[in-house]
Amino acid sequence: MSGIIDSIFEDDSLRNVDLDKDGKADGFTFRMKNPIYSGYYRVFELEVDSDKMPAEDIEIYSDNKTLKASQVSFSTPLCLIPGQPSEITVYRSGGLKPGKHRIRSTLQLRNATSQYLRGEKEFMLRS
């Protein structure tokens, strides 16, 4: 099933961002679209180059609202609508170095099966 989930990542969307406008990267961002599974998710985890990103450092902008990954739970699920773009921002001092980066996501559906969906993509970050 990972082939379907891998397609959620938008090509060429990985960028460093200057969130406080001081001229230095404070993190990075990328875009994804909901996989074919409509519904609510109660887990959102992210790894970059095999390093697990702290949930409190990840923000997900979807459905006109922003939610930290640490807030995603059974009682506060993340709503992803099929085909709707979401922007993921990770707060990380200095952002990412130019070059190849492998991003892996794990989502868990909030339904009777509690199915885990995992996806992985290699991105090229230009300077």
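The values are calculated or read from the model by the stated rules, or taken from the named source; none is laboratory data. Source: prediction; values computed, not measured. Don't worry about glycine lacking a Cβ; one is built from the backbone with ideal geometry, like all the others, and counts go over all protein chains shown.
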Next item on the list: Pairs only if they're at least six apart or on different chains, beta carbon under 6 angstrom, first in the range 57-82 and under 20 Å from residue 95 (Cα atoms), second of a type in the set (Phe, Trp, Tyr) and outside any strand (DSSP E or B); list them, first residue then second.
Entry: none
Next item on the list: Tell me the strands (runs of 3 or more DSSP E) entirely within the range 22-117 that contain at least 2 residues that are among the small types (Gly, Ala, Ser) and either at pLDDT below 95 or surrounded by fewer than 18 Cβ atoms within 10 Å (Cβ to Cβ) (or both).
Entry: 99-109
